[in-house]
1. Give me the angle, in degrees from 0 to 90, between the Cα long axis of helix 181-195 and the longest principal axis of the Cα atoms of the chain, rounded to the nearest 10.
2. Find the all-direction average of the projected area of the Cα convex hull for the chain, expressing the result in square nanometres with one decimal place.
3. What is the extension gain from residue 33 to residue 217, computed as 0.36 nm multiplied by their sequence separation minus the C-alpha to C-alpha distance, in nm to one decimal?
4. From a point 7 Å beyond the Cα of residue 77 in the direction of its Cβ, which residues of region 26-46 have a backbone N at a distance under 14 Å?
5. When a/c is below 1.5 the answer is rounded, else prolate if a/b is larger than b/c, else oblate, so apply that to region 134-225 with a ≥ b ≥ c taken from the square roots of the Cα gyration tensor eigenvalues.
6. If you take the square roots of the eigenvalues of the alpha-carbon gyration tensor of region 172-224 and sort them as a ≥ b ≥ c, do you get rounded (a/c under 1.5), prolate (a/b over b/c) or oblate?
7. Let a ≥ b ≥ c be the square roots of the eigenvalues of the Cα gyration tensor of region 87-188; is it rounded (a/c under 1.5), or, if not, prolate (a/b larger than b/c) or oblate?
8. Taking the simple approach of a point 7 Å from Cα along Cα-to-Cβ for both residue 170 and residue 150, what is their distance in nm?
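A short reminder: the numbers here are calculations on the coordinates, not readings from a lab. Keep in mind that what you see is a predicted model, and the values were worked out from it rather than measured. For neighbour counting, all protein chains shown are included, and Cβ atoms are generated from backbone atoms with ideal geometry for every residue, glycine included.
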């Protein structure tokens, strides 16, 4: 279907449609564990969108490409792409801005800049809208990683717990997502080993009992164990 869409867009001489066909092909390639191939296709899609000044196409492609480039360990370029994506997000467009903040945050995390990632994630959570639970749970998940990396293990376990019912409400778990699974596994295991299974389970359950509003408040409050 993707290849058919690409051929149709070429016949119609529609660069935006062609860009989206290539972008979707890039995502499919990425989720088949071919990150370099996915990134190469997204670069091609980005060029299509830039060529016709399709700002929405540029924005969505930048968002998706940022994470791929970070996974490929190209930190400077990943951050530059994330910044451009954020610049294209209108300050009042909460949905686009929250995803742009998240995209830049994960690139900062993957390139080792925990402090910058934390600041971006806090801003993303602060502008949360009820229609965007997907962005919220991604943000709480990354905040749990950052908190674990800083040695705040009990708080990290509660954040993992707070994210769990929201993940389940989306029908997806982070361990199944290519861009989250490695960090999720590493940080959760680090937290569990540091606390011990019993203490981890208690703190995790405490997190699962939080409502969405309580989870947001807990994520944004000052760090403490």
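1. 10
2. The number I arrive at for the chain is 12.3 nm².
3. Answer, rounded to one decimal: 62.7 nm.
4. Within reach of a label on residue 77, which here means backbone N under 14 Å from a point 7 Å along Cα→Cβ, region 26-46 contributes 35-46.
5. Rounded, because the longest to shortest axis ratio a/c is under 1.5.
6. Here region 172-224 falls in the oblate category.
7. Here region 87-188 falls in the oblate category.
8. The modelled label-to-label distance comes out at 2.2 nm.
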